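The values are calculated or read from the model by the stated rules, or taken from the named source; none is laboratory data. Since we're looking at a predicted model, the values are computed, not measured. Cβ atoms come from the backbone with ideal geometry, glycine included; neighbour counts cover every protein chain shown. Surface areas here come from the heavy atoms of the whole protein model, side chains and all, with no ligands, DNA or RNA. Shrake-Rupley method; radii C 1.70, N 1.55, O 1.52, S 1.80 Å.
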Amino acid sequence: GSRGFWASAATIVLALTFILAMLLAIGPLFRRTLSRYAEKEEPGKTAVAAVLVFLLASALTTELVGIHALFGAFLAGVVMPRQRRFRAFLTTRLEEFSSVFLLPLFFAFTGLRTRIGLLNDARSWAICGLIILVATAGKLGGSMVAARLTGVSWPDSFALGALMNSRG
């Protein structure tokens, strides 16, 4: 969505600055701040709240820079404390939050943005059908082959591929 060479260059410079700041300054500071929670048996709600605020702030920053918010969230995950118990605790808590709150919100938002009216002629419908066919075949085939290579039977591989399609 840039508006020319200089806007693209500014986005690249800001993105690289943010990446370096996260890896060299913000990340280590955040890890030190959370280290007292990471040592505990059960870190608690304050740690989860701090992580969520950090994750959302990182996502917002990359969105404002001009890159997708997902990149900021990914980078926040990269700089999280490395203690296995802390990461397991966060994974459990954030999976609950995301599956109960964020996932339905994502599907509702995506559904509201869908504009079927743009498919207004036979050519558009044919292209849409082709894209759906290729996406379905790719996901089904990829899942089946990966499952088969790990020793799963063909019927179970197909079932896994069908489930992956219904999830996507």
Solvent-accessible area per residue for the chain (1.4 angstrom probe, square angstrom): 71 Å²
Listed residues 124, 99, 166, 157 arranged by accessible area, highest first, probe 1.4 Å: 166, 99, 124, 157
Helical mean residue ellipticity (222 nm; -39500 (n - 2.57) per DSSP H run of 4+; nearest 500) of the chain: -25000 deg cm²/dmol
Within a Gaussian network of the chain (alpha carbon springs, distance under 10 Å), most fluctuating of 34, 24, 94: 24
Linear extension gain, residue 130 paired with residue 69, 0.36 nm per residue minus alpha-carbon span: 19.0 nm
GNM flexibility winner over the chain from 123, 93, 31 (Cα, springs under 10 Å): 123
Kirkwood-based shape ratio for the chain, expressed as Rg/Rh from alpha carbons: 1.07
Charge tally in the Cβ shell below 15 Å around residue 79, where Lys, Arg are +1 and Asp, Glu are -1, residue 79 excluded: +4
Simple label model, 7 Å out from Cα along Cβ direction - residue 145 to residue 29, nm: 4.7 nm
Solution diffusion estimate, µm²/s, Stokes-Einstein, region 1-86, Kirkwood Rh from C-alpha pairs, 37 °C, viscosity 0.692 mPa s: 238 µm²/s
Overall dimensions of region 91-168 by Cα: Rg and Dmax, Å: 16.8, 47
Surface share of carbon and sulfur [accessible, 1.4 angstrom probe, percent] for the chain: 71 percent
Potential lengthening between residue 153 and residue 9 on full extension [0.36 nm per residue; Cα-Cα distance subtracted]: 46.8 nm
